[in-house]
Amino acid sequence: MAAKRGHLSGYHFLVLVLSLTLAAVAADQSAAPMLFSSSPLWATVICQILVWRRGRSRLPTQIDSELLLFSPARLAVFAGLHLFLVLAAVRLTPSLDGAAGTVSGAGWIIACLKLLVLAPTVALIPRKYWRTLLGTYTAELAAGTIALFTFIPTRIFQAMWPWYGRLLGRFCFALASVFVPSVTYTQALTPTLGGSSLDLTILPACSGLSGIELFDCLFLFMTILDWNRLRKGRTAVAYFAGLGVMLFSNALRITTLFVFGNRGLADFVAHFHVSAGWLFFSIVFVSYLAFTYRSLLIPKSGVSSS
């Protein structure tokens, strides 16, 4: 099909939409600090990179023969919605700012506003184009959505710590009881395991967030490099399973440190438990990837020579 003036291929259209979204979200967060959250930025960047990786391949797609029109009127609506969101956030800041990051009604309102910075993007894409874009870039858009809610989930861990910390403490206590019969458990916001030689307090820093962050970054790097060779459904399952593996491994790490500390290695645990965490999580990730990687790849007969 011959190119028409003012029209773009589906690939270039989506890249432009994501670029405008990224710029608008950054501008919103700069103008209204209450809206700041790294999640929308990460989600947009990851989606854009994966779309770029898909577009750089030579795999034929249903979108190759379609040309999409970018409307200035829709761009004006897009800008107006972002301006309205910024003004609303600035107006609400004095009454809601103190609730940021808390598990309360006001805290949830702020969380919703942080995510709403992505909503105006819908205005850029006419309804008739959605089927075309979703049909071709389903996996990329799904990956961006997953990243929006799970990539570097610092705020989720902070909000869930009162419940998750208790669950983690109880789980570690049950495991440690097998190897340290005299172990005691003190329930608190920061649970404590008590032993004859070493007491271990589980702080929010011990939540396993550092392991999740490491897993997210390394898994993302692998995904970007191999995107056009991956089975997308299996990769999504492997990602969520990997998050579970890292959390379970963190519980094992805490329990192991406590057991070693009460078996004559208290000084070693006290001095090296922080630095040993990154090494431990790195080993867990490499082991997990070695176990799952081959199953994530499309068989060579189904991969383009590109």
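Within the range 203-236, if we keep just the residues that are within 29 Å of Ala159 (Cα to Cα) and in contact with a Leu (Cβ under 6 Å, 6 or more places away or on another chain), the residue that is modelled with the lowest pLDDT turns out to be Gly208. Looking only at residues in the range 169-186 that are in contact with a Gly (Cβ under 7 Å, 6 or more places away or on another chain) and either of a type in the set (D, E, K, R) or in a loop (DSSP other than H, G, I, E, B) (or both), the one that is farthest from Ser249 (Cα to Cα) is Ser182.
For Gly169, the test of being touching a strand residue (DSSP E or B) at 6+ places or on another chain (Cβ under 8 Å) and at pLDDT 95 or above is passed.
Of the residues making up the range 263-270, not a single one is exposed (fewer than 13 other Cβ atoms within 10 Å of the Cβ) and basic (Lys, Arg). The residues of the range 275-306 that are at pLDDT below 70 and surrounded by 11 or more Cβ atoms within 10 Å (Cβ to Cβ), listed by number, are Val303, Ser304.
Of all residues in the range 100-151, those satisfying the criterion of being in contact with an Asp or Glu (Cβ under 8 Å, 6 or more places away or on another chain) and either assigned by TED's automatic domain parsing to the domain that holds Gly211 or at pLDDT 90 or above (or both) are Val117, Thr150, Phe151.
Condition check: surrounded by 13 or more Cβ atoms within 10 Å (Cβ to Cβ), modelled with pLDDT of 90 or more, outside any helix (DSSP H, G or I) and outside the structural domain of Leu50 (by TED's automatic domain parsing). Does Tyr164 satisfy that? Talk me through it step by step, then tell me what you get.
On the way: surrounded by 13 or more Cβ atoms within 10 Å (Cβ to Cβ): yes; modelled with pLDDT of 90 or more: yes; outside any helix (DSSP H, G or I): no; outside the structural domain of Leu50 (by TED's automatic domain parsing): yes.
In short, no.
Pairs are defined by a Cβ separation below 7 Å, a sequence spacing of at least 6 or placement on different chains, a first member in the range 95-118 that is closer than 12 Å to Arg155 by Cα, and a second member that is exposed (fewer than 14 other Cβ atoms within 10 Å of the Cβ) and modelled with pLDDT under 80; the pairs so defined are Gly107/Gly101. Of everything in the range 167-191 that's over 29 Å from the mean Cα position of the chain (by Cα) and without any contact (Cβ under 8 Å) to a residue 12 or more places away in the chain, which residue is surrounded by the most Cβ atoms within 10 Å (Cβ to Cβ)? Per the stated criteria, the residue is Ser177.
For Thr154, the stated conditions do not hold, so it cannot be described as free of Cβ contacts under 8 Å to residues at least 24 places away in the same chain and not acidic (Asp, Glu).
The values are calculated or read from the model by the stated rules, or taken from the named source; none is laboratory data. What you see is a predicted model, and the numbers here were worked out from it, not measured in a lab. FYI the Cβ positions are ideal-geometry reconstructions off the backbone, even for glycines, and counts take in every protein chain you see.
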